[in-house]
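A short reminder: the numbers here are calculations on the coordinates, not readings from a lab. Computed from a predicted structure; not experimentally measured. A quick note on method: Cβ atoms are made from the backbone with ideal geometry, for glycine too, and the neighbour counts reach across all protein chains shown.
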Amino acid sequence: MNLYCNDCASFRKNAICQKCGGKTFTPHESFTELKLPSIDRIRELAKEVGYAIGVHGTLERDLDLIAAPWSDDAIGNKGLMDHIAKGMNARIISIERKPLGRYAATIQIDGWFKPIDLSVCPILQPS
Ligand SMILES: [Zn+2]
């Protein structure tokens, strides 16, 4: 039997979610899980503007990505977020400041997809 945890947006085996401890339920037979956005396509888009992408997290609730500036011609963090959103037919839902100069954007593709959580590392000049 397939049970589902709404908080984790993931299928579970038991009545209590093993990850968050919340109650699971039996979804309607027509229910289909949110799709994971294409990591390969996001990597291509990031590379076009000078960034490399690392995957972070469990890929359950959302697609957690770390973007690191990778080449000397890397554009700014907002430019990267806009480039990925445009290339994925998505929109930026929110941007949040994170520790050590990172900024994280939640990006949602139009359609039945898990959100992309893109955390962008700052461009540092060698000292
Ligand atoms: Zn859960």
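Given R₀ = 41 Å, FRET efficiency for Asp82-Ser30 by Cβ-Cβ distance, to 0.05?
Between Asp82 and Ser30 the formula returns 0.70.
Extending each Cα 7 Å along its Cβ direction at Ala9 and Ala52, get the distance between those two points in nm, one decimal.
Using points 7 Å along Cα→Cβ, the separation is 2.8 nm.
Could you give each residue of segment 16-24 its phi-based ³J(HN,Hα) in whole Hz, using Karplus coefficients 6.51, -1.76, 1.60 with θ = phi - 60°, and x for Gly or Pro?
10, 5, 6, 8, 9, x, x, 6, 9
Please build a GNM for the chain, connecting alpha carbons under 10 Å apart, and tell me which residue among Gly22, Gly79, Gly54 fluctuates the most.
Evaluated over the chain, the most mobile residue of the options is Gly22.
When the chain is treated as a GNM, springs tying every alpha-carbon pair under 10 Å, which of Gly21, Gly76, Gly57 comes out with the largest mean-square fluctuation?
Gly21
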